[in-house]
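Here's the structure, in structure tokens; my notes come after.
Throughout, read-outs are computed from the coordinates displayed, never taken from laboratory work. Because the structure is predicted, anything quoted here is derived from the model rather than measured. Glycine gets a Cβ as well: all are built from the backbone with ideal geometry, and neighbour counts include every protein chain shown.
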Amino acid sequence: MPSGDSLPAMSDWKPALDAIVGSRHGGKTDHVLAALRELDARHPNVPEIAAEQAFTFSSQGAHTEALSAYERALALGIASPAEQANTLAGRAVCLLRLDRDAEAVSALEYARVQFPDHAEFAALLAIARLRAGLKDEAFALLLDTLLETSGDIGLAAHQRTLRALVRR
């Protein structure tokens, strides 16, 4: 992770990044990628710029490029926990889209440790486990996630029984 001294002052790049991201309309991102590349060339060590490049690549279906940009953003060190969680999720989705299921399982297990209250990681991990051939583990995790996040009173009333049945 670069030291704070090597990063450009936020005031140098943040307004430009906000304007570029704000120019996304209805999924149109062709112009966004060129602008992000230019901004990245001027400010090459800003993880938020790399993360936005990753998101843009991913939205265009360029998952190999997106994965590389997500990994770069993470290596540079994202300060905001919310943005770090989004970047970890984006990286995992790219791994799944590239059929790198075992890597996605590992990445999502790590993300769950870092962000235990983010149910999206459990849902993504269930998908990754299923695709990696870990069907029982995938189903158990998905059921646990459903029971933990649902407000349904019927599920709440039968939660203990459901958990016992899936684990027997």
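The Rg/Rh ratio of the range 15-110, with both radii computed over alpha carbons and Rh defined as the Kirkwood radius, is 0.97.
A full extension of the chain between T64 and D99 corresponds to an added length of 11.5 nm, given 0.36 nm per residue minus the alpha carbon distance. The C-alpha atoms of the chain define a longest principal axis, and helix 119-131 lies at about 70 degrees to it. Simple rule: put +1 on each Lys or Arg Cβ and -1 on each Asp or Glu Cβ in the range 8-117, find the dipole, and look at A75, A41, Q114; the Cα lying farthest toward the positive end is A41. Derived scalar couplings between HN and Hα for the range 144-156 equal 4, 5, 4, 5, 6, 9, 7, x, 5, 6, x, 5, 4 Hz in order, rounded to whole Hz, by the Karplus curve 6.51 cos²θ - 1.76 cosθ + 1.60 (θ = phi - 60°), x for Gly and Pro. Phi-derived couplings, Karplus 6.51 cos²θ - 1.76 cosθ + 1.60 at θ = phi - 60°, listed residue by residue for the range 29-35: 10, 4, 6, 5, 4, 4, 5 Hz, with x used for Gly and Pro.
Rounded to the nearest 10 degrees, what's the angle between the helix 10-22 long axis and the longest principal axis of the chain, both from Cα atoms, 0 to 90? For helix 10-22, the angle is close to 70 degrees. Angle of helix 101-114 to the longest C-alpha principal axis of the chain, folded into 0 to 90 degrees and rounded to 10: 90°.
Rounded to the nearest 500, the helix-only mean residue ellipticity at 222 nm of the chain stands at -23500 deg cm²/dmol, with each DSSP H run of n ≥ 4 adding -39,500 (n - 2.57).
Protection proxy ranking, highest mean first, for peptides 150-160, 37-47: 37-47, 150-160, where packing is the per-residue count of other beta-carbon atoms within 10 Å, averaged. Between S80, S58, S68, the Gaussian network model of the chain with springs among Cα atoms under 10 angstrom shows the greatest mean-square fluctuation at S80. Divide the volume of the convex hull around the Cα atoms of the chain by the residue count and you get 130 Å³ per residue. Given R0 = 41 Å, the distance between the Cβ atoms of A16 and E148 translates into a calculated FRET efficiency of 0.50.
Cα centroids of the range 120-168 and the range 39-58: 36 Å apart.
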